[in-house]
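Asker: This is the structure I have questions about; it appears just below.
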Amino acid sequence: MFQKIKVLIYLLFCGLVVQSQNNSLVIFSETGHPFYLSVNHEKINKTAQSDIKVYNLSTGWNFIEIKIPGIIKELRFKDSILLSTKSKFLNNEFTYVLKEKDDKLSLQFKSVSKQSGPETPPVPEAPKETAPLVDNSIYGNLYKSVKNKPVFYNNFDSITGTCKTILTSKEINYALNLLHGVNDTETEYRYLSKIIDYNCLSVGQLKSLLELSSIDMDRLNLAKKAYTRITDKENINQILPVFKYPTMKESYMSFLKDEENKLKQKKLQCKVPADDQQFERVYTKIKTTAYENEKLTISKKLLVDVCLSSSQIKKIGELFTHDREKLEYMKYALNVLTDKENVVSLSDEFQFQGTKDEFLNYITHQQ
């Protein structure tokens with residue numbers, strides 16, 4: 001009888017140990033595409049994210065569901081991850097990479113490591129807005145203070161693409177001090193966006209600002225936004241070390257290549273479209289490419305040194321099934337369009353009204 005009680009106490013103790021395991025799961029998107037994650041049919045994130053962490057992962061089988069929203073269709077993935085009670089890696093953090101290829105998703109184990117942080121990190125107390133109003137002039141040409149909130153000066157001329165005032169290192173320090181005092185990533189991104197939108201920046205100045213952003217995807221988006229404001233583009237590759245993930249760095253390098261190609265396209269000053277023979281060569285190369293993403297890649301390469309009419313651009317556009325890839329192709333093709341008076345007619349090629357509106361908005365800002 002005593003032995004049975006000992007066995008029961010032992011089993012109870014083991015059960016409590018298993019229940020108290022502090023395991024966590026991290027999944028990040030290799031492509032940077034935001035996604036929704038459910039674990040054991042419980043939705044983890046309400047808004048799509050490209051990097052998600054799950055706390056208190058239970059032992060045994062854990063059912064994983066992933067969904068990437070899309071304009072045409074959403075990508076779905078289901079799998080199970082086994083966390084054995086006998087594993088020597090309990091109470092650790094397990095990292096997986098979400099891979100995306102040819103509209104198919106897969107999970108690949110990346111690493112197991114110590115826990116990277118608590119589920120509920122300590123939040124510093126919000127600053128009390130009882131400080132006296134300061135002299136607006138001390139922030140130079142960057143911003144003024146109104147009720148202790150920054151109101152940024154717009155130094156960028158969108159017509160000429162230049163700035164009437166160039167920020168000094170002192171004003172950049174004002175920006176850094178302002179961002180250091182921000183308590184949430186949303187405000188941080190908003191302030192950075194306005195500073196970039198309203199000013200011309202050197203690569204060094206931009207790099208120091210991006211390093212304050214805590215989210216790699218935000219750094220990528222801000223770096224792309226800042227490209228037209230950079231005063232020393234010959235040094236642009238110095239931005240690359242600010243990206244934490246290789247996929248973010250590769251995405252920015254691809255963006256830079258696209259910008260370089262767009263410059264080459266604009267130098268063509270297209271007036272006369274390709275003849276039938278030249279167009280047929282381009283069309284055939286794109287048509288015989290198997291997948292949507294590959295069609296987009298090859299079309300960007302081929303459209304660097306060829307001029308096309310709106311009807312030719314539409315014919316190539318018909319080779320794309322999804323609005324997402326077709327939109328990116330159309331934006332790229334605008335630089336080699338010969339009959340620019342027909343540019344609005346290109347919007348008729350999209351299936352969804354939302355994509356048409358996005359394209360028309362893009363055209364407006366390009367003119």
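Asker: Is there a residue being hydroxyl-bearing (Ser, Thr, Tyr), at pLDDT below 85, assigned to a loop (DSSP other than H, G, I, E, B) and out of contact with any strand residue (DSSP E or B) (no Cβ under 7 Å at 6 or more places or on another chain) anywhere in segment 118-130?
Answerer: Checked against the condition, which is being hydroxyl-bearing (Ser, Thr, Tyr), at pLDDT below 85, assigned to a loop (DSSP other than H, G, I, E, B) and out of contact with any strand residue (DSSP E or B) (no Cβ under 7 Å at 6 or more places or on another chain), segment 118-130 yields at least one hit.
Asker: Moving on. I need every pair where a residue in segment 207-219 that is in the same structural domain as Ile172 (by TED's automatic domain parsing) has its Cβ under 9 Å from the Cβ of a residue that is assigned to a loop (DSSP other than H, G, I, E, B) and crowded, with 20+ Cβ neighbours inside 10 Å, sequence separation at least 6 or different chains.
Answerer: Going by the 9 Å Cβ cut-off, the qualifying pairs are Leu210/Phe243; Ile215/Ser50; Asp216/Ser50; Asp216/Phe243; Met217/Ser50; Arg219/Ser213; Arg219/Phe243.
Asker: Something else now. I'm checking my understanding of the structure. Among residues of segment 328-367 that are surrounded by 17 or more Cβ atoms within 10 Å (Cβ to Cβ) and touching a residue at least 60 places away in the same chain (Cβ under 8 Å), which one is farthest from Lys73 (Cα to Cα)?
Answerer: The qualifying residue farthest from Lys73 (Cα to Cα) is Thr338.
Asker: What do you reckon, is Lys244 at pLDDT below 95, outside any helix (DSSP H, G or I), assigned by TED's automatic domain parsing to the domain that holds Lys224 and under 30 Å from Gln205 (Cβ atoms)?
Answerer: yes
For (1) exposed (fewer than 13 other Cβ atoms within 10 Å of the Cβ); (2) not assigned by TED's automatic domain parsing to the domain that holds Lys99; (3) not in a loop (DSSP other than H, G, I, E, B), each residue gets a yes or a no:
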| site | (1), (2), (3) |
| --- | --- |
| Thr47 | yes, no, no |
| Ile52 | no, no, yes |
| Lys73 | yes, no, no |
| Leu82 | yes, no, yes |
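Asker: Here's another thing I want to ask about it. Of these, Tyr143, Tyr153, Tyr174, which one is under 13 Å from Tyr198 (Cα atoms), modelled with pLDDT of 90 or more and in contact with a helix residue (DSSP H, G or I) (Cβ under 8 Å, 6 or more places away or on another chain)?
Answerer: Going through Tyr143, Tyr153, Tyr174 in turn, the sole match is Tyr143.
Asker: Would you pick out the residues in segment 25-45 that are polar (S, T, N, Q), touching a residue at least 40 places away in the same chain (Cβ under 8 Å) and not in a loop (DSSP other than H, G, I, E, B)?
Answerer: Correct list: Ser29 only.
Asker: Continuing with the same structure: Just a yes or no: is a residue in segment 184-196 surrounded by fewer than 12 Cβ atoms within 10 Å (Cβ to Cβ) and in contact (Cβ under 8 Å) with a residue 12 or more places away in the chain?
Answerer: The answer is no, given that none of the residues of segment 184-196 is surrounded by fewer than 12 Cβ atoms within 10 Å (Cβ to Cβ) and in contact (Cβ under 8 Å) with a residue 12 or more places away in the chain.
Asker: Does segment 168-188 hold any residues that are under 25 Å from Gln49 (Cβ atoms) and assigned to a helix (DSSP H, G or I), and which are they?
Answerer: Those that are under 25 Å from Gln49 (Cβ atoms) and assigned to a helix (DSSP H, G or I): Leu179, His180, Thr185, Glu186, Thr187, Glu188.
Asker: Quick check, is Lys285 under 19 Å from Met330 (Cβ atoms) and either in the same structural domain as Glu100 (by TED's automatic domain parsing) or of a type outside the set (Ser, Thr, Tyr) (or both)?
Answerer: Considered against the rule, which asks whether it is under 19 Å from Met330 (Cβ atoms) and either in the same structural domain as Glu100 (by TED's automatic domain parsing) or of a type outside the set (Ser, Thr, Tyr) (or both), Lys285 comes out as yes.
Asker: Let me ask you something else. Taking the condition of being modelled with pLDDT under 85 and under 22 Å from the mean Cα position of the chain (by Cα), how many residues in segment 102-117 meet it?
Answerer: Of the residues in segment 102-117, 2 are modelled with pLDDT under 85 and under 22 Å from the mean Cα position of the chain (by Cα).
Asker: Yes or no: Lys78 part of a strand (DSSP E or B), under 24 Å from the mean Cα position of the chain (by Cα) and exposed (fewer than 12 other Cβ atoms within 10 Å of the Cβ)?
Answerer: The answer is yes for Lys78.
Asker: Also, quick follow-up: Could you say which residue among Ser309, Ser299 is closer than 25 Å to Pro69 by Cβ and surrounded by 12 or more Cβ atoms within 10 Å (Cβ to Cβ)?
Answerer: Answer to the selection: Ser299.
Asker: Would you tally the residues in segment 18-45 being among the small types (Gly, Ala, Ser), surrounded by 14 or more Cβ atoms within 10 Å (Cβ to Cβ) and at pLDDT below 90?
Answerer: Of the residues in segment 18-45, 3 are among the small types (Gly, Ala, Ser), surrounded by 14 or more Cβ atoms within 10 Å (Cβ to Cβ) and at pLDDT below 90.
Asker: Now for a separate question. Return yes when Leu107 is surrounded by 12 or more Cβ atoms within 10 Å (Cβ to Cβ), part of a loop (DSSP other than H, G, I, E, B), assigned by TED's automatic domain parsing to the domain that holds Asn40 and touching a residue at least 12 places away in the same chain (Cβ under 8 Å) and no when it is not.
Answerer: It is false that Leu107 is surrounded by 12 or more Cβ atoms within 10 Å (Cβ to Cβ), part of a loop (DSSP other than H, G, I, E, B), assigned by TED's automatic domain parsing to the domain that holds Asn40 and touching a residue at least 12 places away in the same chain (Cβ under 8 Å).
Asker: For segment 239-252, which residues satisfy the criterion of being surrounded by 14 or more Cβ atoms within 10 Å (Cβ to Cβ) and either touching a strand residue (DSSP E or B) at 6+ places or on another chain (Cβ under 9 Å) or not basic (Lys, Arg) (or both)?
Answerer: Listed by number, the residues that qualify are Ile239, Leu240, Val242, Phe243, Tyr245, Thr247, Met248, Glu250, Ser251, Tyr252.
The values are calculated or read from the model by the stated rules, or taken from the named source; none is laboratory data. The model shown is predicted, which means the values in this text are computed figures rather than measured ones. Cβ coordinates were reconstructed from backbone atoms using ideal geometry, including for glycine residues, and neighbour counts include every protein chain displayed.
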